[in-house]
């Protein structure tokens with residue numbers, strides 16, 4: 001096991017800090033396609049503790065979902081390949097495990113809630129059958145018991161009339177209710193870590209509020225570690241404890257939620273926060289981040305953000321800034337992070 | 001008072017629900033839009049917000065005359081657009097243009113950008129005679145912030161934000177007076193969304209456009225709109241200036257909607273109160289009697305089931321609100337402490 005970890009000096013080879021459930025370390029993933037190699041993840045390091053919500057924030061193509069897929073072991077290979085790195089669950093590197101060992105972790109160790117509930121659920125089976133599948137296969141329950149347990153779960157995610165609805169098909173549920181079914185399914189085996197990949201993106205705001213409440217309640221009850229993958233800065237401010245901001249397959253900033261919103265320490269985070277319209281004021285012209293996210297087949301040299309960065313200096317195109325710890329609770333991958341933190 | 005450029009009166013669009021294959025029988029109506037009246041003042045942006053299924057996109061399609069309304073009077077500068085025919089209709093179409101939501105499917109992948117933006121000129125030859133078209137298209141590309149040299153590229157060579165700019169350039173080609181924007185930024189990333197919103201504002205100032213801006217994102221609508229209409233299940237729940245709707249909402253639905261919007265400020269976590277609505281939006285094929293929001297409303301009384309509340313100003317409301325019990329309520333957004 002490697003004990004080099006630039007991002008987190010607290011980490012030492014002597015032992016894993018208590019409570020760290022899942023650790024991703026220096027993960028590299030590339031997609032080998034006909035047109036070339038896209039470096040989708042270039043050294044992602046993060047961890048989640050029991051009972052904690054880590055928000056992974058990023059725009060499309062930043063690699064936030066691919067990281068989650070790699071953790072779950074559902075990365076499409078080919079074209080996706082892990083070229084480097086470790087994913088440790090309770091200290092054991094999952095990337096070195098056999099398929100059987102990994103399957104044992106899925107569901108009761110780490111579970112995932114997917115974004116699009118309509119395509120993630122099988123339209124030809126009842127929701128009860130799909131939730132109960134885990135009980136039948138993993139716990140060897142009978143069909144009847146599995147269905148009863150499935151109804152209990154639907155009840156826990158606050159679906160009214162759970163006993164009847166367990167026999168219904170996914171198309172008979174509304175978008176919000178289907179997302180509840182997805183959550184029930186992921187909770188079936190009582191996972192220690194839950195990864196929620198954009199769980200509310202397809203939902204309306206009033207329903208989004210219901211689902212986020214539900215997730216927060218369930219997490220508190222079960223003391224799960226929650227990894228919330230999203231692009232919505234509003235949702236993150238409501239529920240996250242810590243935030244990791246991703247850009248071009250790297251973590252560019254990691255911080256406690258209050259520090260990040262009060263004083264972002266990376267120009268990309270600053271740009272993101274300035275470019276969202278606010279509900280509480282009319283506001284003037286929006287500040288924007290110029291240009292476009294990079295093509296992952298041709299990631300700019302040095303800091304991948306430098307072509308769009310208002311602060312860029314010559315050093316930015318030459319040297320990749322490492323993710324440096326600025327204080328125990330925050331880290332930033334910018335050559336000028338210190339100045340950003342110390343600014344008025 | 002400035003002139004209303006577009007007046008919509010009692011717009012109704014029902015879709016029939018049919019049964020049977022050979023002998024089709026209508027067994028019901030999906031009441032997508034059920035009596036919407038509003039007006040668009042010259043040079044303003046009218047925001048239309050609502051959740052999915054509230055009829056806001058149907059409204060756009062009917063206004064564009066892509067679908068015939070079940071019943072409606074829509075006056076463009078005093079003339080009824082559904083009574084127009086032939087040349088008059090064609091001239092009208094020049095004046096009202098649409099920017100669509102999905103920049104990936106609304107552009108034909110087999111056409112170059114030049115053809116896409118120049119296509120309106122084929123029908124409306126008076127705007128750009130044949131020889132000048134290419135130059136016109138290049139000017140348009142420049143106006144929307146794209147490089148004129150990209151005129152021969154295909155849509156797949158552009159990113160989402162750039163494609164949305166192409167869609168906007170196409171809508172601008174005929175120098176319209178009104179642009180109906182149907183969720184123009186919802187498919188875009190945050191950093192790109194801001195660029196497109198700024199572009200829309202710039203174009204409005206430059207060309208004196210009037211926008212009908214349809215979106216589900218309340219923050220985006222507030223940022224761009226002068227007036228806002230909130231829709232629920234095919235009806236307008238509340239309409240007023242941006243300030244009236246966001247600072248002094250009087251309809252319970254608007255209040256719940258605003259309170260549910262996540263605010264990008266973690267310090268507001270403990271101070272804000274979210275009004276939690278239970279349940280889902282009822283089906284528009286079988287909407288509740290009386291007030292359509294009553295099934296999810298915490299203020300519902302007997303009268304709400306019997307009487308449809310009219311969209312009028314009431315004692316508790318300084319702007320039209322379709323609630324029998326309309327009254328102000330502090331919606332706690334961000335750091336300002338409020339009364340819940």
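A single entry from A:289, A:299 fulfils the requirement of being on the phi < 0 side of the Ramachandran plot and either under 17 Å from the mean Cα position of the chain (by Cα) or surrounded by fewer than 23 Cβ atoms within 10 Å (Cβ to Cβ) (or both): A:299. Restricting attention to region A:309-324, the residues that are touching a helix residue (DSSP H, G or I) at 6+ places or on another chain (Cβ under 6 Å) and more than 13 Å from every other protein chain (Cβ to nearest Cβ) add up to 4. Exactly one residue out of B:28, B:35 is surrounded by fewer than 22 Cβ atoms within 10 Å (Cβ to Cβ), within 20 Å of the chain's Cα centre (by Cα), in a strand (DSSP E or B) and touching a residue at least 24 places away in the same chain (Cβ under 8 Å): that is B:35.
Quick test for you: out of A:143, A:165, pick the one residue that is surrounded by fewer than 18 Cβ atoms within 10 Å (Cβ to Cβ), more than 23 Å from residue A:201 (Cβ to Cβ), over 21 Å from the mean Cα position of the chain (by Cα) and without any contact (Cβ under 8 Å) to a residue 60 or more places away in the chain. Even if it seems obvious, please write down each step before you answer.
Numbers: A:165 fails: surrounded by fewer than 18 Cβ atoms within 10 Å (Cβ to Cβ).
Answer to the check: A:143.
In region B:43-56 there is at least one residue that is touching a strand residue (DSSP E or B) at 6+ places or on another chain (Cβ under 9 Å), assigned to a helix (DSSP H, G or I) and either free of Cβ contacts under 8 Å to residues at least 60 places away in the same chain or closer than 19 Å to residue B:184 by Cβ (or both). Consider region A:52-79 and keep the residues that are away from chain B (no Cβ under 14 Å) and touching a helix residue (DSSP H, G or I) at 6+ places or on another chain (Cβ under 7 Å). The one that is surrounded by the fewest Cβ atoms within 10 Å (Cβ to Cβ) is A:73. The set of residues in region A:213-235 that are under 20 Å from residue B:275 (Cα atoms) and surrounded by 22 or more Cβ atoms within 10 Å (Cβ to Cβ) comprises A:215, A:235. What are the residues in region A:204-221 that are more than 9 Å from chain B (Cβ to nearest Cβ) and in contact with a helix residue (DSSP H, G or I) (Cβ under 8 Å, 6 or more places away or on another chain), if any? If the condition is that a residue be more than 9 Å from chain B (Cβ to nearest Cβ) and in contact with a helix residue (DSSP H, G or I) (Cβ under 8 Å, 6 or more places away or on another chain), then A:211, A:214, A:215, A:216, A:218 are the ones that fit.
Here residue B:193 meets the list (1) surrounded by 23 or more Cβ atoms within 10 Å (Cβ to Cβ); (2) under 19 Å from residue B:141 (Cβ atoms); (3) within 14 Å of chain A (Cβ to nearest Cβ) almost entirely, failing just condition (2).
Considering the conditions (1) on the phi < 0 side of the Ramachandran plot; (2) within 14 Å of the chain's Cα centre (by Cα); (3) modelled with pLDDT under 90, residue A:71 is excluded by exactly one of them, (3). Here region B:262-303 is the region considered, the condition is being without any contact (Cβ under 8 Å) to a residue 12 or more places away in the chain and away from chain A (no Cβ under 12 Å), and the residue that is farthest from residue A:159 (Cα to Cα) is B:302. Given the structure, is residue B:119 within 26 Å of the chain's Cα centre (by Cα), over 26 Å from residue B:41 (Cβ atoms) and more than 14 Å from chain A (Cβ to nearest Cβ)? Here the answer is yes, as residue B:119 does meet what is asked. In region A:244-260, of all residues being in contact with a helix residue (DSSP H, G or I) (Cβ under 6 Å, 6 or more places away or on another chain) and crowded, with 20+ Cβ neighbours inside 10 Å, the one that is nearest to residue A:298 (Cα to Cα) corresponds to A:247. Consider region B:241-261 and keep the residues that are in a loop (DSSP other than H, G, I, E, B) and in contact with a helix residue (DSSP H, G or I) (Cβ under 7 Å, 6 or more places away or on another chain). The one that is nearest to the other protein chains (Cβ to nearest Cβ) is B:261.
Considering each of A:104, A:84 in turn, give the residue that is surrounded by fewer than 18 Cβ atoms within 10 Å (Cβ to Cβ), in contact with a strand residue (DSSP E or B) (Cβ under 9 Å, 6 or more places away or on another chain) and farther than 30 Å from residue A:171 by Cα.
Working: A:104 fails: in contact with a strand residue (DSSP E or B) (Cβ under 9 Å, 6 or more places away or on another chain).
Sole residue among the options that is surrounded by fewer than 18 Cβ atoms within 10 Å (Cβ to Cβ), in contact with a strand residue (DSSP E or B) (Cβ under 9 Å, 6 or more places away or on another chain) and farther than 30 Å from residue A:171 by Cα: A:84.
Among the conditions (1) surrounded by 16 or more Cβ atoms within 10 Å (Cβ to Cβ); (2) under 18 Å from the mean Cα position of the chain (by Cα), the only one that residue B:70 does not satisfy is (2). Per the conditions (1) within 22 Å of residue A:151 (Cβ to Cβ); (2) within 13 Å of another protein chain (Cβ to nearest Cβ); (3) under 18 Å from the mean Cα position of the chain (by Cα), the sole criterion not satisfied by residue A:177 is (3).
Going residue by residue through region A:83-103, is there one that turns out to be in a loop (DSSP other than H, G, I, E, B) and in contact (Cβ under 8 Å) with a residue 40 or more places away in the chain? Yes, that holds for at least one residue. Among all residues of region A:294-308, there is none that is over 22 Å from residue A:43 (Cβ atoms), in a helix (DSSP H, G or I), out of contact with any helix residue (DSSP H, G or I) (no Cβ under 7 Å at 6 or more places or on another chain) and within 14 Å of chain B (Cβ to nearest Cβ).
Residues are listed down the side, and each one gets a yes or a no for (1) assigned to a loop (DSSP other than H, G, I, E, B); (2) touching a strand residue (DSSP E or B) at 6+ places or on another chain (Cβ under 6 Å):
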| position | (1), (2) |
| --- | --- |
| B:164 | no, no |
| B:168 | no, yes |
| B:176 | yes, yes |
| B:184 | yes, yes |
| B:191 | no, no |
| B:200 | no, no |
| B:214 | no, yes |
| B:220 | no, no |
| B:229 | no, yes |
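Residues of region A:265-283 being within 21 Å of the chain's Cα centre (by Cα), assigned to a helix (DSSP H, G or I) and surrounded by 24 or more Cβ atoms within 10 Å (Cβ to Cβ), which ones? Answer for region A:265-283, where residues must be within 21 Å of the chain's Cα centre (by Cα), assigned to a helix (DSSP H, G or I) and surrounded by 24 or more Cβ atoms within 10 Å (Cβ to Cβ): A:268, A:269, A:272.
Pairing each residue of region A:265-284 that is within 7 Å of chain B (Cβ to nearest Cβ) and within 17 Å of residue A:341 (Cβ to Cβ) with any residue that is modelled with pLDDT under 90 and outside any helix (DSSP H, G or I), provided the two are 6+ apart or on different chains, yields C-beta distances under 6 Å for A:271/A:289. Quick check on residue B:149: is it within 14 Å of chain A (Cβ to nearest Cβ) and either more than 21 Å from residue B:109 (Cα to Cα) or part of a helix (DSSP H, G or I) (or both)? No. For region A:87-103, residues that are under 21 Å from the mean Cα position of the chain (by Cα) and within 20 Å of residue A:139 (Cβ to Cβ) total 2.
The values are calculated or read from the model by the stated rules, or taken from the named source; none is laboratory data. Keep in mind that what you see is a predicted model, and the values were worked out from it rather than measured. In this analysis, Cβ positions are derived from the backbone assuming ideal geometry, glycine residues included, and neighbour counts consider all displayed protein chains.
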